[in-house]
Amino acid sequence: MGQVAELSKFRARRDDAQAPAPPSKGPQVEDGYTRIANELLEQIMAAPLTLREMRVVMAVVRLTFGWNRKQARVTGGLLSKLTGLPESIGAKVFAGLIAKGVILRHGGSRSPVSLNKRVEEWEVTAPKHTTPPPYSKCTDSEQNALSDSEQNALPSKDRKDTLEPKGSKSSSKKPSPKKWGEEIDHELAEFMHATVTADLTNPKKTNLTAWANDIRLMRTRDGRTVEQIRYLIKWVSRDSFWKANVLCPAKLREKWDQLELKVIAYKESRHANRSGTDEKRANQDRIAAMLSNPNDTSWIEGLFPDEESGDLGASEPSVHEAGGDLSQDVEKRVFDAGHGEAGEA
């Protein structure tokens, strides 16, 4: 009997442990509530705020009106806890609402804040494009056309269709910056296009706006002057090698340093040739001036050996008394033969 009684008690305890908990009543006003005027709440709901901005505004309402106070200090960690946003993003949205006049800060950066009850002072505007109707799937082009603010304004259910997975090509692709140029940039672009296509019979069409943009970057970022760009375009058009390799401002900008060294070497060689030519021309002018003056005989100096130096005839063949260059015995026989012919005559 004792064992049976113990078994019955064990079963009773086991049944009590498996009994389900009573259902929760959910949030109750007795546990705390936020007291806010209906007019202000309706104006918040009608304001063109993004989803992130709405989260931050409701967090400020909770920290102020939820504690029956007008102002409260809001930290990044507390804001992230209430809104579910990362601290960096929450701080950025919070600062944006202060700049728009939705939230008022009373003092420095760590001072308390409050919600601006004067909604007419809020500098918020409605998005330019209307959001698509609910439960309608957007096409790819419509999804790409939506701005970030519009996507944030959509409910989370509809916003999932507009978000791209991380690492995809469309999500990592950044919009290309707009290309433009000033009046002088377009002028240089047209000048280079004229020099490049001068020898072509049917040149292909070019985007002169993109060319002007590259020239603008050369001026503003690389520090090139208009005169330098114009000179280098002319120099390239006259060089047989670079003329066929530099056909656009982008290539001119890429090869600028190499082309500058080529121009410097070209100028140095040209200066050396010009110096040699000038010296030769100066010598010719000096000789011509000496010859044109009949009283100037300095040009003859050095042409003949000096008689006083004793070098006269030093390198010439020996000259004998008869004035010939024959040996003496041959000379005598020639002399005797000449007298004999004279006697016979």
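The values are calculated or read from the model by the stated rules, or taken from the named source; none is laboratory data. Predicted model only: the values in this text are computed from it and were never measured. No Cβ is skipped: glycine too gets one built from the backbone with ideal geometry, and neighbour counts run over all protein chains shown.
Residues are listed down the side, and each one gets a yes or a no for (1) in the same structural domain as residue 245 (by TED's automatic domain parsing); (2) among the β-branched types (Val, Ile, Thr); (3) under 21 Å from the mean Cα position of the chain (by Cα):
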site	(1), (2), (3)
197	yes, yes, no
200	yes, no, no
209	yes, yes, yes
213	yes, no, yes
221	yes, no, yes
224	yes, no, yes
228	yes, no, yes
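All of (1) surrounded by fewer than 15 Cβ atoms within 10 Å (Cβ to Cβ); (2) touching a Lys or Arg at 6+ places or on another chain (Cβ under 6 Å) hold for residue 210 with one exception: (1). Note on the stretch 99-119: among residues that are under 18 Å from residue 45 (Cβ atoms) and of a type in the set (A, V, I, L, M), the one that is modelled with the lowest pLDDT is 119. Scoring residue 70 on the criteria (1) under 17 Å from residue 112 (Cα atoms); (2) in contact (Cβ under 8 Å) with a residue 60 or more places away in the chain leaves a single failure, condition (2). Residues in the stretch 200-220 that are at pLDDT below 90 and among the basic types (Lys, Arg): 204, 205. Here residue 79 meets the list (1) in a loop (DSSP other than H, G, I, E, B); (2) in contact with a Phe, Trp or Tyr (Cβ under 7 Å, 6 or more places away or on another chain) almost entirely, failing just condition (1). Could you tell me whether residue 274 is among the basic types (Lys, Arg), modelled with pLDDT of 90 or more and not assigned by TED's automatic domain parsing to the domain that holds residue 51? In short, no. Count of the stretch 220-274 residues, restricted to those that are surrounded by 15 or more Cβ atoms within 10 Å (Cβ to Cβ) and in a loop (DSSP other than H, G, I, E, B), is 6.
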